[in-house]
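The values are calculated or read from the model by the stated rules, or taken from the named source; none is laboratory data. Computed from a predicted model, the values in this text were never measured in an experiment. Note that each Cβ is placed from the backbone with ideal geometry, even for glycine, and that neighbours are counted across all protein chains shown. Only protein heavy atoms, including side chains, enter the accessible area calculation; ligands, DNA and RNA are left aside. Shrake-Rupley method; radii C 1.70, N 1.55, O 1.52, S 1.80 Å.
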Amino acid sequence: MTRIFIPTTQYPVEIISLTEEHSDIQSVICITNTFNALPVSAAYHAFIRRPTGIIERITGIPSFRADVSGPIDQGDSWQLAMLIAHRLHHKNGFSQNDNYDLPFIWASGQVDINQTVLPIHHIREKLLASKPLFEEINSRGGQLHIALHPDNMADATDIIPNYAICHPLAQEADINQLLSSMLLQHHQNESQNQIDHMESAEQSADTPKRRQANSIFSLTNILSPFCNKGWKRLIAGYGLVTILLFTLQQMIPWHPIHAAMEMEKSGEHVKLIRMLKSYRQDDNIIARLSFLYFEEAYLQQKSDQLIAQIDMQLVWAVANDNASSCENDQMRWHRYTITDANLPSLPQQRCHLYLEIQNRGDNRLALAVAINVNDSGQIIPLLQPAQTQLAPTEHIRHPIHLAEQKPFMILVSSSDHMTTSWYRWFKRWANRPAALTAKKSLKDTGIGVHMAAQDKT
Amino acid sequence: MSKENKAILSDAVILFDKITDVRLMHDQVNATASEGFDLYRLWQIADGLVGDDMLHQISQNFTARRQFKAILAQKAQAFQPQQAAASSDSNHRHGDQFDVQIMPSASQDGLVYVQLIFHQGQAHQKTSAEMLISHCNGVFRQKPLTSPLTSSQDQRIQILLHHDDPMLADLRNPETELYIK
């Protein structure tokens, strides 16, 4: 937990509490216990709510009520402290109470939509006006963090107390670093509190009353191996590792990933690709990497499985002993299983040519097929894109009529969902097989894709 | 001039002086007005910002109250009459010109948000609105609307009240008439 102060030229103002309000409510800053909205409330509302506000963009919450300890009359320098408070609040790391053991953040600066910090005026006056607060924090053994734009920091180096920890903040990454250190400290404090609690339990075990109780229940004997110093260090070490893992786990966007999985399961591929695209550009590297892993480990693996679930074969017949007749009893049949991106050369004197596709899985599949001829780079459709469904073990057979001996290509997609959303991408891909966008959209959203082409007839 | 004529002329002069005496004329006007609230004064009160004490005095005076209400009806930018029937939702009042939405704060510390939501075509009134006046059971109450919480995007004005504020009880009472001026 952290206490946060907004400096003014008269006095420092503490952010007492943040309340998430109903989305219809316009965000306000109130002086605590007065219910009086401050004049900066309109600017605060714009700072919170989309499209101008950044807090809704970060937290997803469109309305807040901020209670502060005193008036803030004008300006935008409250923005940095408010941003830090809201981001900590979002991670359950913000609290106000009279505890001087908590770290204090004293922050002043303007923030733009990209969380870039801009320098502000009157920084020296603000520092001087906060001197009594700084001295109070120091005398009580509190930890003071001063967060300013580097230019402001440079302007006031001579009056920043030497016991303060300075955080020059210029961009979002700097703010992230400050917040990470605050959250880590918060977890360490919690861990320390647990250790202190164990120590106090150990001390209380020495009292006659406790000893009496322990002799009755023999609890001390059971716990005694865990109460020596070595065990405590070990527990603290494991605790720290657990906290780090917990922090990392907290930063992973589980809910959006779950929502993405649900979109895939319900066949909302357009929504899914939009979500994936937005997370590919997310500034938060953990969120970006989490979604990258989700795409690789779940969606693309599913895409591969769907293609592996279908058996594709080219079937053709040639007349027996090179006879000119294509009578059934005089033909020899050949099969070629398509497993990679290549199609075999076919004999010029053949009787028939088919593409056979069978569903060898246990689930019903939606299938899209197209066959094109590559005429010196020009794509001519031989079989227009078509979508169908295959029950388990069911198969379809498409005749291929090649008028000329020109290389042809087969494009196949398969999915659990018989929807038009992905089929539109498939048709686009079939029209321009060399363009990767549509094919990528299919594969990225867990649709099976396969293309096999002939080099020469 | 005869003595009799002189006496008549003297009485006429005295009478003329009495008629044209400003103080006497003012007393006469006040005597016919409602206990110190002549129409001109009430018009001025309705025109500008008045203190709660003045509004309380008007509420105490039946004639002044009736006249003030008539003046407010003329001068108010927006008006919401009594609700036809008790609404099932006392936190929402619907009107032709504006709605009233009452929402308690999620912190449950007694703060209540009151929003005046102007309908399409009435939004221009929002920008110049200065005061919300309620009239319920003969009592006028007012709240300033000059807070900075005006957003041109969603056509609403928001004020903050304590849950014990009598104005809040008025807003929840379907018999209340509301004026925005």
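Cβ-Cβ contacts under 6 Å between residues 6 or more apart (or on different chains), taken from a first residue in segment B:93-117 that is at the interface with another protein chain (Cβ under 7 Å from one of its Cβ atoms) to a second residue that is surrounded by fewer than 17 Cβ atoms within 10 Å (Cβ to Cβ) and assigned to a loop (DSSP other than H, G, I, E, B), are listed as B:MET103/A:HIS22. Going through (1) modelled with pLDDT of 70 or more; (2) acidic (Asp, Glu); (3) farther than 30 Å from A:ASP24 by Cα one by one, B:ASP99 falls short only on (3). Taken as a whole, the condition of being of a type in the set (Lys, Arg), crowded, with 20+ Cβ neighbours inside 10 Å, part of a helix (DSSP H, G or I) and more than 8 Å from every other protein chain (Cβ to nearest Cβ) applies to A:ARG87. In segment A:5-32, the residues that are touching a residue at least 60 places away in the same chain (Cβ under 8 Å) and within 9 Å of chain B (Cβ to nearest Cβ) form Cβ pairs under 9 Å with partners that are crowded, with 19+ Cβ neighbours inside 10 Å and of a type in the set (Gly, Ala, Ser), at six or more places apart or across chains, as follows: A:SER17/A:ALA66.
When segment B:48-96 is limited to residues that are of a type in the set (A, V, I, L, M, F, W, C) and over 20 Å from the mean Cα position of the chain (by Cα), the one that is modelled with the lowest pLDDT turns out to be B:ALA86. Please tell me if A:PRO62 is under 25 Å from the mean Cα position of the chain (by Cα), within 14 Å of chain B (Cβ to nearest Cβ), in contact (Cβ under 8 Å) with a residue 12 or more places away in the chain and not in a strand (DSSP E or B). When the stated conditions are applied, A:PRO62 passes them.
Every condition in (1) within 29 Å of A:SER415 (Cβ to Cβ); (2) over 36 Å from the mean Cα position of the chain (by Cα) is met by A:SER278 except one, and the failing one is (2).
Checking each residue in segment A:39-53 for being of a type outside the set (S, T, N, Q) and open to solvent by less than 50 Å² (accessible area, probe 1.4 Å) picks out A:VAL40, A:ALA42, A:ALA43, A:TYR44, A:HIS45, A:ALA46, A:PHE47, A:ILE48, A:ARG49, A:GLY53. Can you say whether A:GLU56 is within 14 Å of chain B (Cβ to nearest Cβ) and either under 26 Å from A:LEU183 (Cα atoms) or crowded, with 24+ Cβ neighbours inside 10 Å (or both), as far as the supplied structure shows? For A:GLU56, the condition - within 14 Å of chain B (Cβ to nearest Cβ) and either under 26 Å from A:LEU183 (Cα atoms) or crowded, with 24+ Cβ neighbours inside 10 Å (or both) - is met. Being surrounded by fewer than 19 Cβ atoms within 10 Å (Cβ to Cβ), away from every other protein chain (no Cβ under 11 Å) and free of Cβ contacts under 8 Å to residues at least 40 places away in the same chain is a property that does not hold for A:ASN36. Looking across segment A:322-339 at every residue that is open to solvent by 100 Å² or more (accessible area, probe 1.4 Å) and in a strand (DSSP E or B), the one that is modelled with the highest pLDDT is identified as A:ARG335.
Here the condition is being open to solvent by less than 10 Å² (accessible area, probe 1.4 Å) and of a type in the set (Gly, Ala, Ser); of A:GLY361, A:GLY377, A:GLY448, it holds for A:GLY448 alone. Considering each residue of segment A:45-53 in turn, at least one proves to be out of contact with any helix residue (DSSP H, G or I) (no Cβ under 9 Å at 6 or more places or on another chain) and within 8 Å of chain B (Cβ to nearest Cβ). Out of B:GLN115, B:GLN108, which single residue is of a type in the set (S, T, N, Q) and modelled with pLDDT under 85? Within the list B:GLN115, B:GLN108, the selection yields B:GLN108.
How many residues are among the polar types (S, T, N, Q) and open to solvent by 60 Å² or more (accessible area, probe 1.4 Å) when one looks only at segment B:62-79?
Total satisfying the criteria: 1.
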